[in-house]
Every structure is written in structure tokens, then in C-alpha cells.
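Colleague: One structure coming up, written as C-alpha cells, with questions to follow.
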Amino acid sequence: MKKFLQKNAPGYVFLAPWLVGFFFLAAGPILASLVLSFTKYDMISPPQFVGLDQYIFMFERDRRFYKALQVTFSFVFLSVPARLIVALAIAMILDKGIRAIGIYRALYYLPSILGSSIAVAILWRQVFAGEGVLNTILAQVGIDGPNWLANPSVSLYTLVTLAMWQFGAPMLIFLAGLRSIPQDLYEAAEIDAASKVRQFFAITLPLLAPVIFFNLVLQMIDAFKTFNSVFIISNGLGSPADSLLFYTLYLFNEAFKFFRMGYASALAWVLLLIIAAFTFIAFMTSRYWVHYENERD
Amino acid sequence: MTNLTRRKMLGVMAAGAGGVAASSLMGTSAFAQEMRIRHYWWGNPSRDERTFKVIELFQENNPGVEVAGETVGWSDYWTKLATQTAGGNMADLVQMDYRYLFEYARRGAIQPLDPYIGNSLDVSNFDQSALDGGKVDGQLYALNIGSNTQVSIFNTRLIEESGAEFDPINWTYEDLMRVAVAVAENTGATFGTDDLSLGYVFWEDWAQQAGHQFYAEDGSIGGRPQDLADFWQMWTELRDAGAAQDGETAISLLGTGMNETGLVTGTTAFSYMWSNQIVGMQSLMEDTVGAGMLPNTGGGSLGQFIKPSMFMSLTRDTVNAELATQYMSDWVNHPEATAILGLERGIPASSVVRDALAPSFTPAEKVSVDYFSAVQGKVGALPPPPPAGAGEVNDAFQRWGTEVLLGNMSPLDAATAHFDEADSILARA
Amino acid sequence: MTDSVLDQGPISEARQVARDLRAAREKRERRSRLLKHIFLSLFAFFMLYPLLWMVASSFKPDNQIFGDLSIIPTTFMWQNFTEGWYALRESFTLFYWNSTLITVLTVIGNLLSCSFAAYAFARLDFTLKNFWFALMMMTLMIPYHVVLIPQYVLFLNLGWVDTYLPLVVPKFLASEAFFIFLMVQFFRQLPRELDEAAMIDGCSPYKIYWAIIIPLSLPAMATAAIFSFIWTWDDFLAPLIYLNDIANYTVPLALRLFVDAESQSAFGQLFAMSVLSLVPVVVFFVVFQRFIIRGIAMSGLK
């Protein structure tokens, strides 16, 4: 008994703030949303229990639900790798000694701050318009570009590009990770005349793996939940022709535009399960490629 | 120990979660503070300043009373209102829009005002039509704080440069074609007019000119697929002639603010809005704007109508309905208050107030008021309230219209598909 | 020719070659440094074009902002700044104060409470650890919009609506799983020998947390501080829902009062105030990114 206490006490002491927060602030609302997913709830009148009806409707009859899934999955698979690669590349350039590095870091981080402001959304819409800046430049080299936001066959790629532009957060985390790699390893490698490429694969990648893993999981979760940028760019509609109908945007409109909070809750729990499945897979595979300094297996 | 810890934890979890879940389902009542009422509206800096002045005026005239003004932007307003409604914590008075009025009224989130009329609420100088616009199922749920009507706004400089002429109060789509082509050919503007293929309001006008009520009394969607196909076909012809914006541009403007319209960016000479937006449009432009009615289709019926641009509603969570309706009453009658508010929210519904305001109009306000007077007698009755699900039908309309604009579907196919989808949406709602 | 014999032999030649090589290498390095700067600045320009446009627009009158993509303003409307500051019911002085208060408290709360939880997950062993970790990850996955209403009801019942409590208290209770997970990943990278050595010296886990883990995780803590600052400073949804009185509003919430897509907007002032709202974020970033440095102690230990 005493031994049990000794083993568990420190852990629970440190976890106490989170436990209190979870049970008193987070768990209730999360459970409530699960309960609501089995009800029809318009937020004004009391919810009515309908059992599994909404889940059945979703899977059997809701075409836009499948459309939203398709758009969201495409976005996740395109934007997450792209953003991570750009972030890592820039972080590695910035990691090496270079004058005025602080300024560059700040400059590269800025887009991520601006990301969802109204002012920038207005600008993007002008840049990507049919007669916009981008097409004016493309016309110089003889390319007749489409309207990048109004053409359903390219609009998603435009959004992926915008997501790449905001690589600030993963970049900063990569940078912090690179800075945690002991420099003497590289020095030793230099003495052994290992090439830069070899150093990257032998030292940087393995030691950065925990951070890469973190960025991968978090960027994936974020990408599945993409809302602000697409809400602003597509004026909350997911247009043109539902090509930007992101899952959370669909969910938000169902809830707050069409007063179907119950259905939105059901949508949310389906998304939660999807994200959880992907995260679980990521954690399982991580055993094979993420090794931690302190864990000896 | 393990058991104890676990049991304790489970107990806490159940208490926390259950409590919240239960209370979220039942809703709670607001704190009663009798001489304090809350007024919630969406706005902009100018509107906020005017509204706070009126609040101060009311507080001066009624010592001991406190009015808390709460304001957010339009795009955030409805999310917050829905959340407060769910929590049972709505402000006593909320600004209401025609689009949402029926949702809130039929579900009991706002109260009928009829019991207060003649007591704390004075509407004796109101136009009857203005009052009717706030009625849901025969009861007055919303007080008109401004009226508007559809309008074609145009750039007077570009029209003059084009050399084409038309009578803004009585013109047809043929005139539009002629003028728009002239603008595109003779002036710096790229196109003659913004494209309306995705503008539900204008399709509504088109269907009503063709003699259909929109929505019909039984709550079904007005018009027939052929009417919609004609509407989209006509805009296709305007685009093909280079008179209207290209399809992709029209699509990209869906849901944007007035700042992105072709009229404001100088790429076209015509945009289409509600008449209370004339002043706002002018503030974003260097050229002078003019106002005209929507073009005639030749259908013979009156398509346009005057509707309330904004309402004030009394919520079910109010703590002092008497005081709240008295405040409302001052808002639409008190000479000083109405002078402060001016035309910012639309044309006042009280004839007395309108006359009192007349001498102090700015040029843009004068355009707006003159236009409003000019359309009197040329507009039809306010159509019946939209059924539940109307908002979704609107969104579906835009999706099918997009297919037409992109050239993926013929107007008739898209129109037929839209009517089918509208039926199933209305059936589900 | 007075050069000595040595200067003409193979040694001198070798010396010359070495000198040339060094010169060439220096030249190459200089050039590559220059290229790197050129690349970085060009790239930065593309990245920053929107920001520059925003700054330029903040000097323009409302009727010139749209349809003009130039980043060089022709007029300088300083009024956008001076009038914008006082354009709303309360001045921006108050909004900045409110935002600063909330943001600073949030940063402190996040750093403390999340590092606590992260330390437990990364370095301590206890029953049900994986279960709690999974639950924590779950809070990251649920779409925020569906918990909004139950959460609002909860805080309403606590009487916290229209105060800063709903915005700040959760941060002291490690509500941001993102930071917990981030710190866990960094803490797990620290050599375990450190803890063991300290343990043998009689250090408690609490002492180890405070004296070893935190000081060695400066880059991670600085990163977390930067993110919490920026995200809190920018956040508008929670303040929107929980704050009613305009005197309690934060900067981003105030910014949204400028725009009314359906009616009159004050775009020039919006842009001016948007530019100013970036200043604290940039300052905080520049100051705190200095802490993202090499872990000196760590490389020494290896």
C-alpha cells in the first residue's frame, strides 16, 4: 500500500491541475455533446431524443457529409506533408549561424500570425481573383490562369498553398528541436568526414524524430479541424460548388446557420473517431521510427 | 487504494459531467436585476456611436435605469446569439434580421409585442406596411427600426461616359443589356454589370414579376423550373455579350461584403443591394452613385417589395419587459433619439420621424430617401414569411447556379435539379 | 628577385595552393552566405507581401483600399491611426490593457500547469497513465463548436460570464493539451541519467522538475510561451462568447467591430488598428525567440 502511494503520489500531484480541469471544465461539455448527438436540438427549444436517427441519416442519406469528408481528407493528405517539409527546410536553414537570424525568424513567422485576420483574407481574395495579381504575373510568361478561388477544380489547391504559407508554428517547433540536438555529434561527424546528407539522415532525423512526430500528429489534427481560414476565404459557404466544404465548416453551418446542433454534434463525434483512429495509427507506427533519449528498450 | 481513487474519480466525473449535461439541456434563467436591461445589436463604428448616444439619452431621461449596450460585428452576431439563447441568457432586447425572425419567433425565443402596444410601446405613427413586416403568424414579434427595398446601384460617372441613357425607375432587362454593353465598350470598366445569377433575392424578384408568390402560401418554393431556367439563361446571354462579369468572378463574389462588388472596385457600373446599403456603398467609392429599381422582366406583376431592414425584438429572457418596451418606444418615437439614429439602420417607419429628419440629409442619404419615395406605389405586397429550411434552399440555389456559371450544366438542368433538392430540403425541415 | 630559396620550392608552392584554396573557400562561403541572404530575403518578401499591403492600406482612405494592390501608399492618412484608436466606444488603450492582462495570465498559466502535466507524463510512472494521456489527446480532437454551448452553460452557472474567468482559469488547469504534448516530447528527450543522479543525491521529483527539467527545456518553454501569447492575443471566439460589455473587450474583438459587410465599414481604421495589433505579438516573439538556443548543459553532458 505504502509502496503504491509512493509510486503514484508524485505522478498524480503533478497531474492534479489537469485532472481538476478535465473533470470540472472539459469532460462535462464533451459528454454533453455526445448526449446531444442523439437528440434533435435547435438551441432554442429543449432537445428531443431521437436515438441513432441522425447517425443513420448521415451515413445513408447525407451526400454533403461524404463531400465534406472527401474535401477534408484531400486537404489533410496534401497540406500536412507539404507544410511539414517546408517548415523543416526553413528551420534547417535558419538553424545554421546566419546574421540577423532573429529578424528572419520573425518575418517567417508573421504570416502565421496574420493567417485568419479579416484584412489578409480581403487581400488573398484580390491576389487570387481572375484579374488578380497572380494571374497578371502568370500572363507575363504566357499562362492564362483561372480564378484560383472560384474554380472548383483548383480552389482546394489554392487553400493548400495558403496552408503552406503558414508554416510558422511547425517551423518554430522544428527549430527548438534542432537546437536540442547536441552539437558535438555533428562535430564528431565532421571529424569522421561524414557528408552533410549523411549527417542529416544519421543525426538530425533520428534525434528530431520526437519533434517530427509531434508536428505530424498535431498538424494532422489541425488539418482535419481546419475552420478559420476556409471560413474566411469562402465566406463561410464552402463554395464554389462545395469544393471547399471542409468538415468543420459543414458542421458549423449545420449548427449555427441551420439550427441543427444535435446533428452537428453527431458530425463532431464521427470526426473525433476518424481523427482518433489516425492518431492511434501514428502512435503505433511511432514505435518503429521515434526513439526517445531516455527510454531504453 | 486503487479502488478508492478510481471510485472517487468516477464520482467526480459523474457529478461534473452529469451536472453540466443536465443543466445544458434545461437552460438557466438570467440574473434578475430589475432596473437594468441589456440591448444587443450588430453594428459598425458609426452605428455603435449613435446607439450608445441613444442609450445615454434614455438613461438621462429615466434616472435609476441602466441600459447595457452590447455589440459585435454581423458575422459574429448570430453565433453568440444562438449560444446565449441556448444558455437562457439573451439580452432583453436584440436586433433581429428578416432572415432569422421566423426561426426565433416560432421557437419562442422572442415574445409578441402586442400586449405592450398602446401601453409602454407607441407605434401610432407607424406605416401599417412597416408594422406588418414584423408579424409572425398574426402577432407582432419584431419592431421595425428601418425599412428598405431592393435597389440597382450604379456609378453615375461610368453611365455618363458610356453615352447610354435609361430611366432608373422604369427600365427593362433589355435596357440593362444595352447600357451594360455600352459601359463595357466605352468606359474604363471591364464589364457593364455585376452578375446576379447567384443572387437569390433577384431570382425571387424575377419569379414574382412572373406572377408567382415567393414563397407560396403553402410554404413551397415559388416559380417553376422554367422560370429559373429563363433567369439563368438571361444572365448567360448578358455574360456572353460581355455585359456582365464572367462566371468565375461572379462565383468568387458569393457571400462577400459590399467592398468586393464590381461597383466598388470599379470593374462594373452596376451592383444590386438593399436600399439601406446605398450610403455604405457611397462611403467606399469616389464616384457618385445613383439608385434605380430592379429591371422589368415584362412579366407584368410587381416583383419588388418594401421590407424591414432591421428589427428590435423582446426576448423570452427579459427581466423587465415594461422597461424594455419603453426603451423600444423611445427608439422609434423620441425626437432626439431618432435624430441621433438618422437613416443609419434604414428608412424610419414613422412618418413623423421621416419628416423631422428630412432637412439634415447628406447627399447619399438624399439619394436613398428619394429612391425610397420614388418606388412607393411601384412595389408589391410583402411576400409570406419563408418556411423553415428556406436558408438551406438559398444555399442550394447558389450551388446549382455555380454549375451554370461554370458552364457545367444547362440552365434548365440546373433549375430542375434545384427544384428537386429544394423539395427534399423543405420536407426534411 | 630577393625571395629566399624557400619561397620558390615545393613548400612555397604548397603554401600558395593552400592560400588560394582558403581564398576560394572564403569567397565561396561569402557567396553562399550572400546567396542565402538573397534567397531568404526574396522569400521573406513573398511571405510578407500581405503584411506590407496591410501597412500600405492602413494609410489609405476607405475609398482607395479596394482594387489597389500597390504596397506603396500615395497618401498618408495618419488619421486612420489617431481616429481609429478612439473610433469605438472605448479607446484602444483599454482594449490593449484587457488583451495584455488575459494574455499574460494565460502564458503563465499554460507554462505552469502544462509543464506540470507534461512532467508527469514524460518522467513519472503512475497507474492509468496511458489512459489519461489518451483522454488528454481526445480533448484536442473534438471540434470546438459543439462544446461551445455546454461550456457556456457551465460558465453561466458559475456566474463567470462577462468576466475573464472563463478565459483564464482553464489555462491554469492545463486545458491546452497542445502544450502538454509539446512539452512531453521535449522532456522525453532529456537524458534520464540526470534524474537518476539527482535522485541518488536525494532530490525529490518536485526538485528535479524545478531544478533540472525546466531549466534544461528553455527552448521548449520559450516556444510554448510564444505560441500561447500569439494564440491568446489573436483569439476571438472565446472572448466573443464570454464577454458582453465593450469595456471588457480584447483587441481582436474590437477589430471586428469595424467591419460590417452589409453596411458601412471603416476599413482604413480597421487596417491601421490591425497593423498596431501586431506590434505586441512581434515584440514578444523577437524577445522570446532568443531563448530558443542550444541547450548548453546538454551538449556538455554527452
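The values are calculated or read from the model by the stated rules, or taken from the named source; none is laboratory data. Note that the coordinates shown come from a computational prediction; the quantities given were computed from them, not determined experimentally. Glycine also receives a Cβ, built like all others from the backbone with ideal geometry; neighbour counts cover every protein chain displayed. These accessible areas exclude ligands, DNA and RNA; they are computed on the full protein's heavy atoms, side chains included. Shrake-Rupley method; radii C 1.70, N 1.55, O 1.52, S 1.80 Å.
Colleague: Quick one: which helices (runs of 4 or more DSSP H) lie wholly within region A:1-93 and hold at least 2 residues that are within 30 Å of A:L175 (Cα to Cα)? Let's see the steps before the verdict.
Modeller: On the way: elements: A:2-21, A:27-36, A:53-61.
Qualifying helices (runs of 4 or more DSSP H): A:2-21.
Colleague: Follow-up question, since we're still on this one. Identify all residues within region B:316-332 that are open to solvent by less than 40 Å² (accessible area, probe 1.4 Å), under 11 Å from B:I37 (Cα atoms) and assigned to a helix (DSSP H, G or I); write none if there are none. Before the answer, list the steps.
Modeller: Narrowing region B:316-332 to residues open to solvent by less than 40 Å² (accessible area, probe 1.4 Å): B:317-318, B:320-321, B:323-325, B:327-329, B:331-332.
From what is left, the residues that are under 11 Å from B:I37 (Cα atoms) are B:317-318, B:320-321, B:323-325, B:327.
Result: B:A321, B:L323, B:A324, B:T325, B:Y327.
Colleague: Looking only at region A:13-47, which residues are more than 10 Å from chain C (Cβ to nearest Cβ), polar (S, T, N, Q) and touching a residue at least 24 places away in the same chain (Cβ under 8 Å)?
Modeller: Step one: list which residues in region A:13-47 are more than 10 Å from chain C (Cβ to nearest Cβ), which gives A:38-40, A:42, A:44-47.
So of that shortlist, the ones also polar (S, T, N, Q) come out as A:39, A:45.
Across region A:13-47, the qualifying residue is only A:T39.
Colleague: Then there's this: Please tell me if B:M285 is under 22 Å from B:A250 (Cβ atoms), of a type outside the set (S, T, N, Q) and either open to solvent by 30 Å² or more (accessible area, probe 1.4 Å) or touching a residue at least 12 places away in the same chain (Cβ under 8 Å) (or both).
Modeller: On the way: under 22 Å from B:A250 (Cβ atoms): yes; of a type outside the set (S, T, N, Q): yes; either open to solvent by 30 Å² or more (accessible area, probe 1.4 Å) or touching a residue at least 12 places away in the same chain (Cβ under 8 Å) (or both): yes.
Yes.
Colleague: Filter region C:57-90 for residues that are over 18 Å from C:L255 (Cβ atoms) and part of a helix (DSSP H, G or I); which is farthest from the other protein chains (Cβ to nearest Cβ)?
Modeller: Filtering first and then ranking leaves C:Q64.
Colleague: I want to confirm something. Restricting to region B:249-267 and keeping residues that are hydroxyl-bearing (S, T, Y) and closer than 26 Å to B:I347 by Cβ, which single residue is nearest to the other protein chains (Cβ to nearest Cβ)?
Modeller: Among those residues, the one meeting the criterion is B:T256.
Colleague: Are there any pairs with C-beta distances below 7 angstrom linking a residue in region C:26-49 that is assigned by TED's automatic domain parsing to the domain that holds C:I71 to a residue that is among the hydroxyl-bearing types (S, T, Y) and surrounded by 14 or more Cβ atoms within 10 Å (Cβ to Cβ), with the two at least 6 apart or on different chains, and if so which?
Modeller: C:L40/A:Y104; C:A44/A:Y104; C:A44/A:Y108; C:M47/A:Y108
Colleague: Let me ask another. Condition first: part of a helix (DSSP H, G or I) and open to solvent by 20 Å² or more (accessible area, probe 1.4 Å). Now tell me which residues in region A:110-155 satisfy that.
Modeller: Initially, region A:110-155 is screened for residues part of a helix (DSSP H, G or I), giving A:110-114, A:118-127, A:133-140, A:155.
Selection gives A:S112, A:I118, A:W124, A:R125, A:Q126, A:V133, A:L134, A:T136, A:I137, A:L138, A:A139, A:Q140.
Colleague: Here's another thing I want to ask about it. Given the conditions (1) buried (at least 20 other Cβ atoms within 10 Å of the Cβ); (2) in a helix (DSSP H, G or I), which single one is not true for B:P386?
Modeller: Result: B:P386 fails condition (2) only.
Colleague: Filter region C:169-184 down to the residues that are part of a helix (DSSP H, G or I) and within 18 Å of the chain's Cα centre (by Cα) and list them by number.
Modeller: Of all residues in region C:169-184, those part of a helix (DSSP H, G or I) come to C:169-172, C:177-184.
Listed by number, the residues that qualify are C:K171, C:A177, C:F178, C:F179, C:I180, C:F181, C:L182, C:M183.
Colleague: Quick check on this structure: which one of C:R188, C:R192 is out of contact with any Phe, Trp or Tyr (no Cβ under 6 Å at 6 or more places or on another chain), over 25 Å from A:A268 (Cα atoms) and at the interface with another protein chain (Cβ under 7 Å from one of its Cβ atoms)?
Modeller: Values: C:R188 fails: out of contact with any Phe, Trp or Tyr (no Cβ under 6 Å at 6 or more places or on another chain).
Matching residue, one of C:R188, C:R192: C:R192.
Colleague: Looking at region A:3-11, can you tell me whether even one residue there is among the charged types (D, E, K, R), open to solvent by 40 Å² or more (accessible area, probe 1.4 Å) and over 25 Å from the mean Cα position of the chain (by Cα)? Walk me through how you get there before you give the answer.
Modeller: In the first step, residues of region A:3-11 are kept if they are among the charged types (D, E, K, R); the result is A:3, A:7.
Adding the requirement that they be open to solvent by 40 Å² or more (accessible area, probe 1.4 Å) leaves A:3, A:7.
Still in the running and over 25 Å from the mean Cα position of the chain (by Cα): A:3, A:7.
Checked against the condition, which is being among the charged types (D, E, K, R), open to solvent by 40 Å² or more (accessible area, probe 1.4 Å) and over 25 Å from the mean Cα position of the chain (by Cα), region A:3-11 yields at least one hit.
Condition check ((1) at the interface with another protein chain (Cβ under 8 Å from one of its Cβ atoms); (2) open to solvent by 10 Å² or more (accessible area, probe 1.4 Å); (3) under 18 Å from the mean Cα position of the chain (by Cα)) across all residues:
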| site | (1), (2), (3) |
| --- | --- |
| C:Y164 | no, yes, no |
| C:M221 | no, yes, yes |
| C:A224 | no, no, yes |
| C:W231 | no, yes, yes |
| C:F236 | yes, yes, yes |
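Colleague: Here's another thing I want to ask about it. Mind listing whichever residues of region B:169-203 are open to solvent by 30 Å² or more (accessible area, probe 1.4 Å), out of contact with any strand residue (DSSP E or B) (no Cβ under 8 Å at 6 or more places or on another chain) and closer than 24 Å to B:F372 by Cβ? Can you show your working first?
Modeller: As a first pass, look at region B:169-203 and keep what is open to solvent by 30 Å² or more (accessible area, probe 1.4 Å): B:169-170, B:172, B:174-175, B:177-178, B:181, B:185-186, B:188, B:190-191, B:201.
Keeping just the survivors that are out of contact with any strand residue (DSSP E or B) (no Cβ under 8 Å at 6 or more places or on another chain) gives B:174-175, B:177-178, B:181, B:185-186, B:188, B:190.
Scanning region B:169-203 gives a single hit, B:D175.
Colleague: Something else about it: Within region B:303-331, restricting attention to residues that are more than 30 Å from C:L156 (Cα to Cα) and out of contact with any helix residue (DSSP H, G or I) (no Cβ under 7 Å at 6 or more places or on another chain), which residue is modelled with the lowest pLDDT?
Modeller: My answer is B:F305.
Colleague: Run down A:L273, A:L244 and say which single residue is open to solvent by 30 Å² or more (accessible area, probe 1.4 Å), out of contact with any Phe, Trp or Tyr (no Cβ under 8 Å at 6 or more places or on another chain) and either farther than 26 Å from A:Y157 by Cβ or more than 7 Å from every other protein chain (Cβ to nearest Cβ) (or both).
Modeller: Working: A:L244 fails: open to solvent by 30 Å² or more (accessible area, probe 1.4 Å).
Selected residue: A:L273, the only one of A:L273, A:L244 that is open to solvent by 30 Å² or more (accessible area, probe 1.4 Å), out of contact with any Phe, Trp or Tyr (no Cβ under 8 Å at 6 or more places or on another chain) and either farther than 26 Å from A:Y157 by Cβ or more than 7 Å from every other protein chain (Cβ to nearest Cβ) (or both).
Colleague: Here is a follow-up. Can you pull out every residue in region B:34-67 that is open to solvent by 70 Å² or more (accessible area, probe 1.4 Å) and either assigned to a helix (DSSP H, G or I) or acidic (D, E) (or both)?
Modeller: B:E34, B:E49, B:K53, B:E56, B:E60, B:N61, B:E66
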